Amino acid sequence: MSEAYIVAATRTAGGRKGGQLSGWHPADLAAQVIDELLRRTGADPARVDDVIMGCVSQIGEQSTNIARNAVLASSLPETVPATSVDRQCGSSQQAIHFAAQAVMSGTMDMVIASGVESMSRVPIGTPMDLPQKAGLGFYKSPAMEARYPDVFFSQFTGAEEIARKWELGREEMEQFSLESHQKSRAATEAGRFDAEIVAVKKRLHDGTVPGDSATKDEGIRYDASLEAMSQVRLLTEGGRLTAASASQICDGAAGVMVVNERGLKALGVEPLARIHHLSVTGGDPVVMLETPIAATARALKLAGIKIDEIDLFEVNEAFASVPMAWVKGTGADPDRLNINGGAISLGHPLGGSGAKLMTTLVHALKDRGKRYGLQTMCEGGGLANVTIVERL
């Protein structure tokens, strides 16, 4: 079986709701990531075998196979196929897995795995809420209702349950959130994101084009403080989480190019990393967001690696309770976790986050001269992908 290598990884800077990227049609935003991957590798566009793109809210501007639409908006020829993936927040991490499996099997040699989400233009929950309001039904089937009676599957409920189970208080979760902003600020000021971000023109939701490019993540609060966070109201009455300890709504796109040995030879480039392990695990769909703990234990066992051998971790900061519980549950070194901050400060563009985290991980491994990195994410339905990469 062939190996799977990442030869390029890039992302847009994160855009806040209604902010610097909100004027971009998501297909056009994703197309710029595709074109940047081609530029970085010097790949013949016609040699790309497939484009696999994660996207959660596949409705409206993100409907009708957003991956194919992004290809048609890019410099790739019409002959390059594409497909869209929805594994909720892990959609583009799953896209990376599908791309790796394709090149490892030898059926393809060069695949772009990517993700996009414009949460300004297609608000979270739209694929569920809009059809229901139009009388077109609800996703929870009668059989699901019989198995989970009177359960409304909610990430907010799950995040609160995790906080209670792992005895995480509001104050310590806000401290974690503050540190996320501080780490992202330090990384930005030190230029550690420069190599991974592709500059795209700022385009606002009202169509205004300011003229400069988006090169910095817009969600970082440079003046974040515990005092300010303490004033934010709770997400649920009697809960512990607030918007300050949750991921930010974000517009963004990201992608990696995955190849096998034949693809490496055709490109004539050095790989950034080798995909050492990939797996996905299901868990409790009600608590929903705790599965990364069990998924990590399973992945490490399958890979034959101990947690202490992993140099860097990227665990999506959907809510502060998720990575904090993950650290407690896995025994991972917290100093190796999200070293440049995470979704609380940088934003969580849903279907784009998997490729976004992988982009940050492989660049951070290179920047720090480290070997192994592990990425995992909580996902709707109680799912979790785990990817272990080795820097080469």
Q: Can you tell me which residue within region 201-224, out of those that are open to solvent by less than 40 Å² (accessible area, probe 1.4 Å) and assigned to a loop (DSSP other than H, G, I, E, B), is farthest from residue 94 (Cα to Cα)?
A: 224
Q. Does region 273-287 hold any residues that are β-branched (Val, Ile, Thr) and either over 19 Å from the mean Cα position of the chain (by Cα) or not in a strand (DSSP E or B) (or both), and which are they?
A. 286, 287
Q. Pick from 151, 116, 198: which is within 19 Å of residue 348 (Cα to Cα), in contact (Cβ under 8 Å) with a residue 60 or more places away in the chain, open to solvent by less than 60 Å² (accessible area, probe 1.4 Å) and touching a Pro at 6+ places or on another chain (Cβ under 9 Å)?
A. 116
Q: Working only within region 225-266, note down all residues that are within 23 Å of the chain's Cα centre (by Cα), more than 27 Å from residue 94 (Cα to Cα) and hydroxyl-bearing (Ser, Thr, Tyr).
A: 242
**Q.** From the options 238, 191, residue that is without any contact (Cβ under 8 Å) to a residue 12 or more places away in the chain, open to solvent by 50 Å² or more (accessible area, probe 1.4 Å) and among the small types (Gly, Ala, Ser)
**A.** 238
Q. Within region 132-148, is even one residue within 19 Å of the chain's Cα centre (by Cα) and surrounded by 13 or more Cβ atoms within 10 Å (Cβ to Cβ)?
A. no
(Q) If I ask for residues that are touching a residue at least 24 places away in the same chain (Cβ under 8 Å), of a type outside the set (A, V, I, L, M, F, W, C) and in a helix (DSSP H, G or I), which ones from region 255-272 would you list? (A) 261, 262, 263
Q. If you take the residues of region 11-29 that are in a helix (DSSP H, G or I) and either touching an Asp or Glu at 6+ places or on another chain (Cβ under 7 Å) or open to solvent by less than 10 Å² (accessible area, probe 1.4 Å) (or both), which of them is nearest to residue 71 (Cα to Cα)?
A. 27
Q.
Given the criterion among the β-branched types (Val, Ile, Thr), at pLDDT 95 or above and farther than 30 Å from residue 299 by Cα, identify the matching residue among 34, 96, 66.
A. 66
Q) Can residue 160 be described as touching a Leu at 6+ places or on another chain (Cβ under 7 Å), part of a helix (DSSP H, G or I) and open to solvent by less than 70 Å² (accessible area, probe 1.4 Å)? A) yes
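The values are calculated or read from the model by the stated rules, or taken from the named source; none is laboratory data. The structure displayed is predicted, hence computed values, not measured ones. Backbone-built Cβ (ideal geometry, glycine too); neighbour counts: all protein chains shown. Protein only, heavy atoms only, side chains kept; ligands, DNA and RNA dropped before computing areas. Shrake-Rupley method; radii C 1.70, N 1.55, O 1.52, S 1.80 Å.
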